[in-house]
Amino acid sequence: MATSDSVLLDGGLVATIERDRWQPDRYELVVGGTPQSSVNPTDPTDLAFEYIARIGHLIDSLGEPGSPITAVHFGAGALTLPRYVAWTRPGSRQQVVELERALVDLVRERLPLPKQASIRIRYGDAREVAERLPEGLVGAADLVVVDVFAGARIPPQVTSVEFYRLAARLLNPDGVLAVNVADGAGLPFARSQLATVRAVLPAVVALAEPQVLKGRRFGNVVIVASERPRPLGWLPRLLAAGPHPAQAVDGDSLATLIGGTPVVTDATATGSPEPDRGLFLER
């Protein structure tokens, strides 16, 4: 396996796979200078990025431990979460939607998927593909993950109530939507996404580090949403699993955080804010 390689994407950004300088068993996918995924080919349960680890613990809480699930992933990255699902829940059926074919080709060449994994890749814009996914997937998914980035920013077409309705229609009655949102001071973008997701699925929780949820520094907020509340006890167990520090906001606290933030529509959608480039130079 090469220690690094790169490809020019259709959007003009360069995607590179680099060996982690601190953990040589890990490899990072970097797109346009932004670290987007981390993979340990020998241990798919090694989830280095904190927001990915939170979604991993969420996956662990679905149904019976180790039982197969049906999952749809909008955004491929280095296929970290599909690998995790395939490893921890053998026999799972997974669909991945990704715009950049060259990105997936690079990942599959340098970081091959497990041979037994049932992972289908669909190429195209996430919004457009969401509109034409097979009817057999509608109402069938235990998990839908939205983690779509163009470089360091989330594109507007996957931030609107119209998009989230398309994603939510894939869920079965007990299914869960997980959305990765990146935001900074004051959390204006994250609050808009929380308001928008809540307009589609009423049971919503925001997970992040406390300083991120307070809007004091740029970071990732994981939005977890479902049609009905999860069983009692799932959230304390998820927070206890880390990574630490960890905080969850739901119920009245979530309503206070959202305040009067309007729901995002196709007509008002904007991309997420550009992070400070120094954020990634520290890695």
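The values are calculated or read from the model by the stated rules, or taken from the named source; none is laboratory data. Bear in mind the structure is a predicted one, so any value in this text is a computation, not a measurement. Cβ: placed from backbone, ideal geometry, glycine included. Neighbour counts: every protein chain shown.
Quick notes
- Leading residue by the ranking (nearest to the chain's Cα centre (by Cα)) among those in the stretch 105-143 that are touching a residue at least 60 places away in the same chain (Cβ under 8 Å) and farther than 22 Å from THR16 by Cα: LEU143
- VAL96 being more than 18 Å from ASP174 (Cα to Cα), among the β-branched types (Val, Ile, Thr) and in a loop (DSSP other than H, G, I, E, B): no
- Restricting the stretch 49-58 to residues that are within 12 Å of the chain's Cα centre (by Cα) and in a helix (DSSP H, G or I) leaves a set whose member that is surrounded by the most Cβ atoms within 10 Å (Cβ to Cβ) is ARG54.
- Among the residues of the stretch 212-252, those identified as in a helix (DSSP H, G or I) and surrounded by 13 or more Cβ atoms within 10 Å (Cβ to Cβ) are VAL212, LEU213, TRP234, LEU235, LEU238, LEU239, ALA241.
- Any hit, the stretch 181-191, residues being under 19 Å from the mean Cα position of the chain (by Cα), under 29 Å from ILE69 (Cα atoms) and assigned to a helix (DSSP H, G or I): yes
- Given (1) free of Cβ contacts under 8 Å to residues at least 40 places away in the same chain; (2) surrounded by 13 or more Cβ atoms within 10 Å (Cβ to Cβ); (3) not hydrophobic (A, V, I, L, M, F, W, C), number of the condition SER37 does not satisfy: (1)
- In the stretch 70-98, the residues that are surrounded by 22 or more Cβ atoms within 10 Å (Cβ to Cβ), hydrophobic (A, V, I, L, M, F, W, C) and over 24 Å from LEU13 (Cβ atoms): ALA71, VAL72, VAL85, ALA86
- One residue stands out in the stretch 138-170 among those that are surrounded by fewer than 24 Cβ atoms within 10 Å (Cβ to Cβ) and part of a strand (DSSP E or B): the one that is modelled with the lowest pLDDT, namely ALA150.
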